[in-house]
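Undergrad: Input: one structure, supplied below.
The values are calculated or read from the model by the stated rules, or taken from the named source; none is laboratory data. Given the structure is predicted, the values throughout are model-derived calculations rather than measurements. A quick note on method: Cβ atoms are made from the backbone with ideal geometry, for glycine too, and the neighbour counts reach across all protein chains shown. In case anyone asks, the SASA skips ligands and DNA or RNA and just uses the protein heavy atoms, side chains included. Shrake-Rupley method; radii C 1.70, N 1.55, O 1.52, S 1.80 Å.
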Amino acid sequence: MPARISKHLADRLKRIKLFLCDVDGVLTDGSVFIGGEREIKRFNIRDGLGLILAQRAGLKVGWVSARPSAVTEMRAKELKIDFLVQQGDNLSKTGAIGKLLAQERLGWDEICFVGDDVVDLGPLARAGLGVAVADARPQVKAAADFVTRAPGGRGAVREVIEMILQAQKKWEPVIAIYRE
C-alpha cells in the first residue's frame, strides 16, 4: 500500500467485493501485434498472480473490454477469471457492468474499476473505487480516485489488488502459504 493513504481511500478499499478492469492498456501495455491470423499480447505475470490472490482472498474478478480478442479469452480462462465481458460494439461499459452488478446483487460502491482511456470514464465515475493506471489519458487520471505508480501492463493491477487486500487485512493470510 502507498506509505500514506487517506482514511477516505482506506474506507473505499475495505468495501470492495468485485475487482474489474479494462484489458488493453491496463493488463497489457496497450500494444497488440497482429500478423496473418494471429494476435499477440503481452500480459504481466505479476498482475496474473495478483488476480489469483484476490480470488483466493474471496474477491471476484472480471475484465471488461470494448475489443473482443481470442488472446484475452485464452488468458482469462487460464487465470479462471470470474467474469469476461468483451463487448465488440459501441455500447457503454457502464451498461455492461450494470448488468453484471444486477446479476451478482452488488452495488457500484462495492467495485473497484481500473481503466486507462476515455471508454473507461463511465465506470470510473460510478465505481466505489475508480483507478487509473500511471500512463492513462489525462481525462481518466482526473476522473479517478487513485492513480497507480505502475503503468498499464507493468504491475498496475497487482498494485491495486495488494492495496485492497492489505486494507481488508487479507494480504498476510493469503500469502502465508508461500512462506511454508
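Undergrad: Looking at the square roots a ≥ b ≥ c of the eigenvalues of the Cα gyration tensor of the stretch 17-111, which shape do they give, rounded for a/c under 1.5, prolate if a/b is larger than b/c, or oblate? Before the final figure, lay out the partial values.
TA: Values: a/c = 2.31, a/b = 1.34, b/c = 1.73.
Oblate.
Undergrad: Once you place label points 7 Å from the Cα toward the Cβ at Ile52 and Glu73, how far apart are they in nm?
TA: That separation, rounded to one decimal, is 2.4 nm.
Undergrad: So for the stretch 89-130, what are the equivalent ellipsoid semi-axes in whole Å, largest first, each being the square root of 5 times an eigenvalue of the Cα gyration tensor?
TA: With the √(5λ) rule applied to the stretch 89-130, the semi-axes are 16, 13, 6 Å.
Undergrad: For the chain, what's the relative contact order in percent, using C-alpha pairs closer than 8 Å and at least 6 residues apart?
TA: Values: 335 pairs, mean separation 51.1, N = 180.
Dividing the mean separation by the residue count of the chain yields 28 percent.
Undergrad: Can you pick out the pairs among Lys60/Lys99; Lys14/Lys77; Lys14/Lys41; Lys60/Lys93 whose Cα atoms lie more than 26 Å from each other?
TA: Numbers: Lys60/Lys99 15 Å; Lys14/Lys77 28 Å; Lys14/Lys41 32 Å; Lys60/Lys93 18 Å.
Those over the limit are Lys14/Lys77; Lys14/Lys41.
Undergrad: For Ala142 and Ile34, FRET efficiency with R0 = 30 Å and r from the beta-carbon atoms, rounded to 0.05?
TA: 0.40
Undergrad: Using per-residue counts of other Cβ atoms within 10 Å, averaged over each peptide, order 59-65, 168-174 from highest down. Display every interim value, and only then the final one.
TA: Numbers: 59-65: 22.1, 168-174: 14.1.
Going from most to least packed, we get 59-65, 168-174.
Undergrad: If you count only protein heavy atoms with a 1.4 Å probe, what accessible area per residue comes out for the stretch 31-180, rounded to a whole Å²? Numbers along the way, then the final one.
TA: Values: 7780 Å² over 150 residues.
Ligands and nucleic acids excluded, the figure is 52 Å² per residue.
Undergrad: Continuing with the same structure: Simple spin-label model, 7 Å along Cα-to-Cβ: Arg149 to Glu110 in nm?
TA: 3.2
Undergrad: Same structure, new question: Quick one: give the max-minus-min coordinate of the C-alpha atoms of the chain along each principal axis, largest first, in Å.
TA: Extents along the principal axes, in whole Å: 47, 39, 32.
Undergrad: What distance in nm separates the simple spin-label points at Arg42 and Ser6, each placed 7 Å from Cα in the Cβ direction?
TA: 3.5
Undergrad: If each DSSP helix of 4+ residues adds -39,500 (n - 2.57) and the sum is divided by the residues in the chain, what number results at 222 nm, nearest 500 deg cm²/dmol?
TA: Details: 8 runs with 71 residues, N = 180.
Rounded to the nearest 500, it is -11000 deg cm²/dmol.
Undergrad: In straight Cα distance, which lysines are under 17 Å from Lys7, not counting same-chain residues fewer than 8 positions off?
TA: Lys169
Undergrad: Something else now. How much net charge surrounds Ile40 when only the other residues with a Cβ under 13 Å from the Cβ of Ile40 are counted, with Lys and Arg +1 and Asp and Glu -1? Mind showing how you got there, number by number?
TA: Details: positive: Arg38, Lys41, Arg42, Arg75; negative: Asp24, Asp29, Glu37, Glu39.
Result for the neighbourhood of Ile40: 0.
Undergrad: In addition: Distance from the Cα centre of the stretch 40-101 to that of the stretch 106-180, in angstrom?
TA: After rounding, the separation between the Cα centres reads 13 Å.
Undergrad: First compute the accessible area of the chain with a 1.4 Å probe, then give the percent of it belonging to carbon and sulfur atoms.
TA: Values: 4800 of 9220 Å².
Whole-percent figure for carbon plus sulfur exposure: 52.
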